[in-house]
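The values are calculated or read from the model by the stated rules, or taken from the named source; none is laboratory data. This one's a predicted model, so the numbers in the text were calculated from it and none came from an experiment. Cβ placement follows ideal geometry from the backbone for every residue including glycine, while neighbour counts extend to all protein chains displayed. For the accessible areas, the whole protein counts, side chains as well, though only heavy atoms, and no ligand, DNA or RNA atoms are used. Shrake-Rupley method; radii C 1.70, N 1.55, O 1.52, S 1.80 Å.
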Amino acid sequence: MSHLLDTTLKAYGGLERWREVTSISAHRVFDGGLWDLKQVPGVVDEGEITVRVQEEHVEMRPFTAPDRHLTFTPGRVSVESDAGEVVESLDDPVASFAGHGVETPWTHLQLGYFCGHAMWTYLTEPYVFTYPGVEVEEIGPWSEQGRTWQRLRVRFPAGIATMSREQVVYVDDDGLVQRRDYQVDVMGGSPAAHYLSGHREVNGIVVATSRRIYVRGEDGHPLPEPLLVSIELSDVSVA
């Protein structure tokens, strides 16, 4: 384990505490221009989310109707009624994005896959960086707007559904993740710069409660417009 990753894990509650956690839940509010661009406005604006920490599994509610919810795993997404009926499902969902570009519309199940794999990796960081097969290396500092952050290059194995196999994580002097870069594979590899804030300690675990995601320019800096996605979390609970 790299020194920087060890420092980051300690800042977020420590590896042993993360190993004890089963789930993280929160009330969520999503905004930004992505949902209109993908022709799925209003579907995921607000509601509840629960991620399992020790396996890649997410539930979001409501989803497409007040009495329905999304269940996500890397190999399958489904829309289910609260009574337990499967309304629709998609196996091997990542394969459905073949040939997609930035403006390709999404179905509701593709939207569910995007939100599921994104939110799982967001809410389990930095613990997910210790998962089997994940490779981490320190790649030196980065400075922007008078701030200097240390960086980790993270390579994910095929068994973890995430935005892209290789990502870069920016860590401040306190060990908190401030930025994360990736290419959005399900949008044709569109480059993104993702900023985190509002870090809060909940039951021994630190969670970032505010996120802003922009297009990343060729110089590595974010383009100020458009704001692709904003995420606000409240009522966070850790079990």
Checklist entry - Which ones in the range 128-147 are hydrophobic (A, V, I, L, M, F, W, C) and part of a strand (DSSP E or B)? => result V136, I139, W142
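Here is a yes/no grid of residues against (1) under 19 Å from the mean Cα position of the chain (by Cα); (2) under 15 Å from K38 (Cβ atoms):
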position: E56; (1), (2): yes, no
position: E59; (1), (2): yes, no
position: R68; (1), (2): no, no
position: S81; (1), (2): no, no
position: P93; (1), (2): yes, yes
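Output yes when any residue across the range 67-83 is of a type in the set (A, V, I, L, M, F, W, C) and modelled with pLDDT under 95, and no when none is.
The answer is yes, given that some residue of the range 67-83 is of a type in the set (A, V, I, L, M, F, W, C) and modelled with pLDDT under 95.
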Checklist entry - Can you tell me which residues in the range 133-157 are among the acidic types (D, E) and more than 22 Å from the chain's Cα centre (by Cα)? => result E144
Next on the checklist: Among the residues of the range 81-92, are any closer than 24 Å to V236 by Cα, of a type in the set (D, E) and out of contact with any Cys (no Cβ under 8 Å at 6 or more places or on another chain)?
Outcome noted: yes
Next on the checklist: Any residue that is surrounded by fewer than 21 Cβ atoms within 10 Å (Cβ to Cβ), closer than 25 Å to H100 by Cβ, of a type in the set (F, W, Y) and touching a strand residue (DSSP E or B) at 6+ places or on another chain (Cβ under 8 Å) - is there at least one of those in the range 179-192?
Outcome noted: no
Checklist entry - Are any of the residues in the range 98-111 within 14 Å of the chain's Cα centre (by Cα), open to solvent by less than 50 Å² (accessible area, probe 1.4 Å) and modelled with pLDDT of 95 or more? => result yes
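Conditions (1) in contact with a Pro (Cβ under 7 Å, 6 or more places away or on another chain); (2) without any contact (Cβ under 8 Å) to a residue 60 or more places away in the chain; (3) over 25 Å from G47 (Cα atoms), marked per residue:
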| residue | (1), (2), (3) |
| --- | --- |
| H108 | no, no, no |
| A118 | no, yes, no |
| T121 | no, yes, no |
| T130 | no, no, yes |
| G140 | no, yes, yes |
| Q150 | yes, no, yes |
| A158 | no, yes, yes |
| A161 | yes, no, no |
Checklist entry - Between residues in the range 174-191 that are over 30 Å from A11 (Cα atoms) and residues that are among the hydroxyl-bearing types (S, T, Y) and surrounded by fewer than 21 Cβ atoms within 10 Å (Cβ to Cβ), which pairs lie under 8 Å by C-beta distance while being six or more apart or on different chains? => result M187/T104; G188/T104; G189/S164
Next on the checklist: What's the number of the only condition in (1) closer than 20 Å to S81 by Cβ; (2) in a strand (DSSP E or B) that R28 fails to meet?
Outcome noted: (1)
Checklist entry - Name the pairs whose Cβ atoms lie under 7 Å apart, with the first residue in the range 6-30 and closer than 14 Å to V236 by Cα, the second assigned to a helix (DSSP H, G or I) and modelled with pLDDT of 95 or more, and 6 or more positions between them or separate chains? => result I24/L123
Checklist entry - Pick from Q167, Q178, Q183, Q150: which is part of a strand (DSSP E or B) and farther than 29 Å from H57 by Cβ? => result Q150
